[in-house]
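Below is one structure, written out as structure tokens; the observations come after it.
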Amino acid sequence: MTDLLDHFDAAVARHPDRVAIVDGRGQEVTFEELQRISNGLAEKWRAKGVRPGDRVLLAMGVNAELYASLAALWSLGATVVLPEPAMGLKGLRHAVAATKPKFFCANGLYCSLKWLLPPLWGLPLLRAGGATPVTEVKDRVKNEVALISFTSGTTGAPKAIPRSHFFLMAQYDAVAPILASDREERDLVAFPVFTLVNLAAGRTSILPNWKMSRLADVTPARLGAWLRKTRATRALLPPSLAGLLPLAGQSDLRHVYTGGGPVFPNVVRAIKDDLGVDVTCVYGSTEAEPIAHLRAEDFHPEDMEQMAQGAGLLVGHPVPEVRLRISDDEIEVTGDHVNKSYLDPVQTRENKVFEGDEVWHRTGDAGRLDEQGRLWLLGRVGDDVAGQNGPLYPFAVEVAATGWKGVTRCALMEKSGKPVLVIEGERARLPQWTKAARALGIDRIEVISAMPMDARHHSKVDRVQLARILKR
């Protein structure tokens, strides 16, 4: 079976001197250098006792050593456990409890976690550093399960997801056509999975110079300076950062890919109109990435008008590699790059639909397909509120409201049994907002100073926290 490491080896053979990774300090590592570092780590950790099938908990910053360590452990047949970084120490403890790893792999200050957290005391430490670069790995082993990652935990306890090498290759096959380019690109990548795709494709990845858990601290000036310093030609960013680009100044950007949260039309228009670059919106989930995508040029005036009138959020045609259906308003998908199970059988039963040999994933997102076969999102299943004419889904209101002048963020919620639109923005515009909201069936608006957002991408409203705010 061909896997991502085979593709990476082929990329090294084709472009040994091409830059594979630009780290957060601006240091460049070529494909050949990255492979030598990875091979050295593999031989060092083989001597430490890592064997096929061993689970290795990995904790380190998003840097070249992270990807070298992944490749090294995979070449030994190990399964890498990646805790959810946005959850901090809580996520690390959860990962240990859920997966029971045999080793702890870290670098720099992350090594100190070994002695700070009791669950890690009994695990041998694999340091990602100090290995002699090696040309080849002795006796490379292939194991079925490549890694175990976690859902964000935004809507409940994080779910542990085992990903096989077959799954990662299927994901590569689904993502590669979206990122394909006939030019040599330098991609600023804020999503680690897309860096894996780039390494397999032989494309340069520029890593963030900010903490992935501190996206709210990134300013347009900082983002623009990093784009210019690294000469990035494309950017793969969550909507919260993509929305900063029109204020980030000129750069070499030609294309922006954004996802990981709802991408509202006003963000797409601002990037395309103000910067003159292409924009592609990618919809997916931790369990199935990608599901659908849409380029800015495919937004038609009538689509914009429908979204302004409450039709929901258009995300485009499903990718060819996925099969999609709507069941009781919920989007369900199946395909080779769609997760089939969780480590916890209870979570599998709750979120999967088994039909013979097929396994359908319940996304938890409400949606609909139009007559052209395009997917429209309505919001999360269960987040709908009782409106004047029946159930009212969040995106039917929020997508329209983000287009109103003075609105920074908004969320449709329920308070005292009635729908309320919560807005972060210019309070002086409340009279205009109130009039526009009535046309969507909303009689009540509350203005707050700051909308609580998710920890992973800072691009989704934290509705649990917002509900607490509304009760005060």
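Applying the criteria of a DSSP loop state and at most 12 other Cβ atoms within 10 Å to the trypsin sites (Lys or Arg not before Pro) of the stretch 120-152 yields Lys138. When you count the other C-beta atoms within 10 angstrom of each residue and take the mean per peptide, 181-187, 249-255 line up highest first as 249-255, 181-187. Per-residue ellipticity at 222 nm computed for the chain from its helices equals -8500 deg cm²/dmol, with DSSP H segments shorter than 4 residues left out and the rest contributing -39,500 (n - 2.57).
Here's how it looks for Tyr342: its modeled amide H is under 5 Å from those of Thr348, which are all 5 or more places away or on a different chain.
By the rule of a C-alpha distance below 20 Å, with chain neighbours fewer than 8 residues away ignored, the aspartates and glutamates paired with Lys48 are Glu65, Glu136, Asp139. Once the Cα atoms are used to define both axes, helix 31-47 deviates from the longest principal axis of the chain by about 60 degrees.
Here Arg349 and Leu369 are evaluated by their C-beta separation; at R0 = 30 Å the FRET efficiency comes out at 0.65. Axis of helix 64-75 versus longest Cα principal axis of the chain: the two differ by about 60°, to the nearest ten degrees. Taking Cβ atoms as reference points and 14 Å as the exclusive limit, the residues near Lys415 contribute a net charge of +2, counting Lys and Arg as +1 and Asp and Glu as -1.
3J(HN,Hα) along the stretch 382-394: x, 8, 6, 10, 6, x, 5, 10, x, x, 10, 8, x Hz, from the Karplus curve 6.51 cos²θ - 1.76 cosθ + 1.60 with θ = phi - 60°, whole Hz, x for Gly and Pro. Here is the link list: Lys415/Lys435; Lys102/Lys340; Lys272/Lys415; Lys272/Lys352; Lys405/Lys460. Which ones come out longer than 29 Å on Cα distance? Listed pairs above 29 Å: Lys272/Lys415; Lys272/Lys352. Rounded to the nearest Hz, the phi-derived 3J(HN,Hα) couplings of the stretch 355-361 under the Karplus curve 6.51 cos²θ - 1.76 cosθ + 1.60 (θ = phi - 60°) are 10, x, 8, 9, 10, 9, 8, where x marks glycine and proline.
So what does the Cα-only Debye profile of the stretch 4-167 read at q = 0.12, 0.13, 0.18 Å⁻¹, as log10 I(q)/I(0), no solvent term? For the stretch 4-167, the Cα-only Debye profile gives -0.52, -0.61, -1.15.
Within the shell defined by Cβ-Cβ distances under 14 Å, the residues around Ser449 carry a net charge of 0, with Lys and Arg each +1 and Asp and Glu each -1. Orientation-averaged projection of the stretch 214-380 equals 11.4 nm² [convex hull of Cα atoms, one quarter of hull surface area].
Among beta bridges identified by DSSP and lying wholly in the chain, the antiparallel ones come to about 60 percent. A dipole drawn for the stretch 214-380 from +1 and -1 charges on Cβ atoms has a positive end, and of Ile326, Tyr257, Leu244 the residue lying farthest that way is Leu244. The simple Förster model, with R0 at 30 Å and r as the Cβ-Cβ distance, assigns Ala221 and Ser181 a FRET efficiency of 0.60.
Give the distance, in whole Å, between the Cα centre of the stretch 397-440 and the Cα centre of the stretch 104-125. Measuring centre to centre over Cα atoms gives 47 Å. Straight-line cross-link partners of Lys90 among the lysines, defined as a Cα under 16 Å from its Cα and at least 8 positions apart when in the same chain: Lys100, Lys114, Lys159. Here the 3J(HN,Hα) profile of the stretch 164-170, calculated from phi with Karplus coefficients 6.51, -1.76 and 1.60 at θ = phi - 60°, is 7, 5, 4, 4, 5, 5, 5 Hz, Gly and Pro shown as x. Within 14 Å, Cβ to Cβ, of Glu289, how many net charges do the neighbouring residues add up to if Lys/Arg are +1 and Asp/Glu are -1? Net local charge, Glu289 excluded: -3. Just one of [x] 23.8, 93; [y] 22.6, 71; [z] 23.2, 87 is Rg and Dmax of the Cα atoms in Å as worked out from the coordinates here. Which one is it? Correct label is [y].
Just so you know, all these numbers are worked out from the coordinates, no wet-lab data involved. As the structure is a computational prediction, the values presented were derived from the model and not from experiment. Cβ coordinates were reconstructed from backbone atoms using ideal geometry, including for glycine residues, and neighbour counts include every protein chain displayed.
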